[in-house]
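The values are calculated or read from the model by the stated rules, or taken from the named source; none is laboratory data. Everything numeric in this text was worked out from a predicted model, so none of it was measured. For neighbour counting, all protein chains shown are included, and Cβ atoms are generated from backbone atoms with ideal geometry for every residue, glycine included. What goes into the accessible areas is simple: the full protein's heavy atoms, side chains included, and nothing from ligands, DNA or RNA. Shrake-Rupley method; radii C 1.70, N 1.55, O 1.52, S 1.80 Å.
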Amino acid sequence: MQKFSMVIHGGAGTLVRGLMTPELEQQYKVTLQKALDAGYLCLTQKGTALDAVTQAVTILEDSPLFNAGKGAVFTADGTHEMDAAIMDGSNRKAGGVSLVSGIKNPIVLARDIMDKSQHVFLAGEGAMRFADSLNYKLEDANYFYDEHRYQQWQNIKDSDNFELDHSIKKEGKFGTVGAVACDATGNIAAATSTGGMTNKKWGRVGDSPLIGSGTYAHNKTCAISCTGSGEYFIRGVVAYDVSCLIEYKGLNLQEATDQVVHERLIDLGGDGGLIGVDSAGNTAMVFNTEGMYRGVKTSQGEEEIKIYKE
Ligand code: ASP
């Protein structure tokens with residue numbers, strides 16, 4: 001029988017252990033569980049991998065705990081510019097969006113780009129016009145406001161620095177979100193959504209919305225969603241690199257993800273992690289940071305939600 005699997009992440013890096021309170025840890029775990037359960041339920045009801053990843057990411061976007069949708073980080077201009085992407089491994093259709101503001105669920109917009117636009121990637125003003133053509137309602141800035149993120153921005157806003165909101169140098173406790181799934185027919189999909197990096201400027205786009213860098217899915221190899229210092233993930237074409245190691249070098253999912261995160265990414269100087277699944281339902285959650293908010297649930301009874309290495 002085909003194994004089906006759901007994997008999610010809420011960003012690599014995480015809050016330095018000493019700064020995490022039991023209450024906060026509980027809040028993260030509850031939200032991760034909710035997203036994991038929603039995606040998994042979809043799979044048990046014969047939903048597609050694509051629907052499962054959309055639903056899981058939507059729940060994480062709606063939580064202020066993570067740097068995506070509600071709670072997205074501040075740009076240098078004090079705004080929120082969000083990026084997201086989704087990919088269907090069964091036909092390699094994909095949708096990516098970047099530099100959008102006021103959109104409650106950027107992952108839904110990415111999916112609409114895939115399904116309804118005849119294009120793969122829309123950015124900024126044009127993406128907003130596309131959303132408007134589909135009657136998206138815009139949220140005002142208050143919806144996205146989060147006090148902690150505001151303080152993170154205040155600390156660096158007059159500098160040229162930009163930083164991961166889950167940098168281990170500071171109290172960084174939020175992150176990009178993502179999901180990958182393998183459904184009961186063996187189709188796989190990946191989705192990623194983010195507010196990017198605090199104090200980013202000049203229309204900075206990270207890896208998350210770029211197909212092949214932060215997000216990729218191909219039934220023949222794997223579905224991958226990444227999190228970490230986006231510039232390195234773009235230069236390493238990380239999600240596609242995992243796929244290539246499987247396709248051309250014959251590695252399995254675990255070997256390929258380990259090699260990319262612990263060797264090839266580190267050689268470039270990048271930190272972060274990723275989650276992956278293949279069409280046999282195998283899963284991987286790999287990171288080279290202190291932790292990564294993550295969860296996995298499969299039809300063979302495997303289930304865990306974790307934050308730190310352990
Ligand atoms: N990869 C994201 C970016 O660079 C950040 C993150 O993973 O939190 O935009």
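Summary table below
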| quantity | calculated |
| --- | --- |
| Reachable aspartates and glutamates, given that their alpha-carbon falls under 15 Å from the alpha-carbon of Lys104 and they are not under 8 places away in the same chain | Glu61, Asp62, Glu81, Asp83, Asp112, Asp132, Glu139, Asp140, Asp146 |
| Within the chain, helix-based [θ] at 222 nm, where runs of 4 or more DSSP H residues each add -39,500 (n - 2.57), nearest 500 | -9500 deg cm²/dmol |
| The chain: Rg to Rh, with Rh as the Kirkwood radius over Cα pairs | 0.94 |
| Listed residues Ser208, Ser225, Ser63, most fluctuating in the chain (Gaussian network, C-alpha, under 10 Å) | Ser63 |
| Share of carbon and sulfur in the accessible heavy-atom surface of the chain [1.4 Å probe, %] | 49 |
| Selected from Leu134, Leu245, Leu65 as most flexible by GNM, with the chain as the system and alpha-carbon contacts under 10 Å | Leu134 |
| FRET E, pair Gln45, Asn161, Förster distance 45 Å, beta-carbon r, rounded to 0.05 | 0.45 |
| Simple label model, 7 Å out from Cα along Cβ direction - Asp258 to Asn142, nm | 5.2 |
| Hits among lysines - C-alpha to C-alpha of Lys200 under 19 Å, sequence gap 8 or more where chains match | Lys70, Lys157, Lys169, Lys170, Lys173 |
| Spin-label model distance (nm) - Gln300 vs Leu268, 7 Å beyond Cα toward Cβ | 3.1 |
| Label-point gap, in nm, between Arg129 and Gln2 - each point 7 angstrom along Cα→Cβ | 4.0 |
| Alpha-carbon centroids, segment 260-310 and segment 3-55: separation in whole Å | 13 |
| For the chain, built as a Gaussian network whose Cα springs stay under 10 Å, the top-fluctuating residue of Leu60, Leu251, Leu109 | Leu251 |
| For segment 41-180, share of DSSP beta bridges that run antiparallel, in % to the nearest 5 | 65 |
| Listed peptides 142-148, 7-13 by packing density, highest first (mean Cβ within 10 Å) | 7-13, 142-148 |
